[in-house]
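All remarks here apply to the structure that follows.
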Amino acid sequence: MRGVLEEDMLPSTPGKVKIERAGAMSRQLHRCFASTGTMFLWALFLVAMTATYLSFHSFVDTSSRYFAASWGGLHWERQIRASASPRRPPGSAEGAGLSVLVTGAAGFVGTHCSLALRKRGDGVVGIDNFNKYYDPSLKKARRALLASHGVFVVEGDINDGRLLAKLFDVVPFTHVLHLAAQAGVRYAMENPSSYVHSNIAGLVSLLEACKDADPQPAVVWASSSSVYGLNDLVPFSEAHRTDRPASLYAATKKAGEEITHTYNHIYGLSVTGLRFFTVYGPWGRPDMAYFSFTRNILQGKPITVYRGKDHVDLARDFTYIDDIVRGCLASLDTAGRSTGTGGKKRGPAPYRIFNLGNTAPVTVPTLVSILERYLRVEAKKNVVEMPGNGDVPFTHANISLAREQLGYKPTTTLEMGLKKFVRWYLSYYGYNRGTHTFSNL
Ligand SMILES: O=C(O)[C@H]1O[C@H](OP(=O)(O)OP(=O)(O)OC[C@H]2O[C@@H](n3ccc(=O)[nH]c3=O)[C@H](O)[C@@H]2O)[C@H](O)[C@@H](O)[C@@H]1O
């Protein structure tokens, strides 16, 4: 048996129902659209409804973005433009001035480079996500320092493609100095995904924005001495093997070198990768040994000093921040143009990699004894064998290539650099206000 609904739908005589239904429909249509005037009104009504829907949708979209994000709006755009404008005097010997987007601007190297650029009259806009890998109040203090020199730092993540696209919309940046990263060699065992998030996904997101930008900026970015991994030829040269990383951190930096190469090859982005060697100095990173040793020594807490196999001391080619800043600025100045526009390559663009080290390695126990001298406190040392946590026994940079092509010439010994660091540390953390005086600094 067929159901009632089914019976209603099937004609008793094929063809009959069509005629009847067609007649009924035309009567209905006639009623609805009795005149062309009514049809016009209906059309007008539909257009108005569609327009209302679309504008409401775009209002919701835009306002939700502004409520959710700390960026956007006319005032924000004005701040970005002002910060990005070079302020070199017209006709100055250095030329028109760069307009640089600095990622990780509230970080250690980012802050120093942003200040140096601003001081010589370049335009700088920073971006930083102020994550909690180490004390965010130090990052906020660096941001305040930058603000006092007219450098605006956007709070945002390099994984936010819409934010990056907006920044490039507002400013035709000539250069990107990409320093945002998840740093630290040993922390990669605790939180591996943070390295993939910042050093791989974040890097790709940034390069996508750079290749889409018109004009495309030249990109200078921070790789790491850790890419040399298990290489034991010294001093480390750019021509040596870098396919045996010892930590996930190093592996993400090495991946970054390969990823930037593809963007150079496919899209004509000018790329310079800088392999930094254990950078230290004022406003530095609290997770690094020289910084945490200083804190613990002053607080009377023990420090752990790692030692290599067969009781061999570990050594690092510690490089002072001012030398690194000079290397970064020279890289920006000599970068050469990206050749693509709107994601299309127009010709080959430079792809460079440089070691930026001090080329004078110092052992970790020597680092400790310099700090003890400046702090006038003997450290409580726990000497333990280096755990298998991604560390390498020594680093030592060959800097001939950077010297030749960038004019890079580090001038600060660890002794001199630590003196400046300790002076800053004592003042920043208020040690000089009490009864302590450090007249030796
Ligand atoms: O050159 C680089 O590419 C890297 O330099 C540093 O990494 P690292 O050299 O390991 O710097 P520290 O963490 O300050 O360690 C310096 C030395 O002190 C040793 N150390 C560290 C911590 C500790 O508690 N005890 C200790 O003896 C380490 O084994 C190492 O030999 C940075 O943390 C990385 O972000 C950077 O990429």
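The values are calculated or read from the model by the stated rules, or taken from the named source; none is laboratory data. All of these numbers come straight from a predicted model, not from anything done at the bench. Here Cβ is always computed from backbone atoms with ideal geometry, including for glycine, and neighbour counts include all displayed protein chains. Remember, those area values only see protein heavy atoms, side chains included, never the ligands or the DNA or RNA. Shrake-Rupley method; radii C 1.70, N 1.55, O 1.52, S 1.80 Å.
Details
- Share of pairwise Cα separations in the stretch 112-187, more than 21 Å, in percent: 31
- Note on the stretch 203-297: with neighbouring protein chains present and a 1.4 Å probe, carbon and sulfur make up 56 percent of its accessible heavy-atom surface.
- Beyond 24 Å in Cα-Cα separation lie the following of the pairs Lys139/Lys419; Lys139/Lys380; Lys166/Lys344; Lys132/Lys381; Lys254/Lys344; Lys119/Lys140: Lys139/Lys380; Lys132/Lys381; Lys254/Lys344.
- For peptides 303-316, 227-240, sequence by mean Cβ density within 10 Å, most packed first: 227-240, 303-316
- Portion, in percent, of the accessible area of the stretch 147-198 that falls on carbon or sulfur, probe 1.4 Å: 54
- Accessible surface, per residue, of the stretch 182-222 when the full set of protein chains is kept, probe 1.4 Å, Å²: 36
- Kirkwood Rh in Å, taken over the stretch 364-422 so that all alpha-carbon pairs contribute: 14.5
- The stretch 346-393 and the stretch 82-142: distance between their alpha carbon centers, rounded to Å: 26
- Computed log₁₀ I(q)/I(0) - Debye formula, equal Cα scatterers, no solvent, the stretch 89-236, q 0.08, 0.13, 0.16 Å⁻¹: -0.24, -0.62, -0.90
- Solvent-accessible surface (1.4 Å probe) assigned to Thr334 amounts to roughly 60 Å².
- Rolling a 1.4 Å probe over the heavy atoms of the protein chains gives the stretch 305-417 an accessible area of 48 Å² per residue.
- Along its first, second and third principal axes, ordered by size, the stretch 289-363 spans 59, 31, 23 Å in Cα coordinates.
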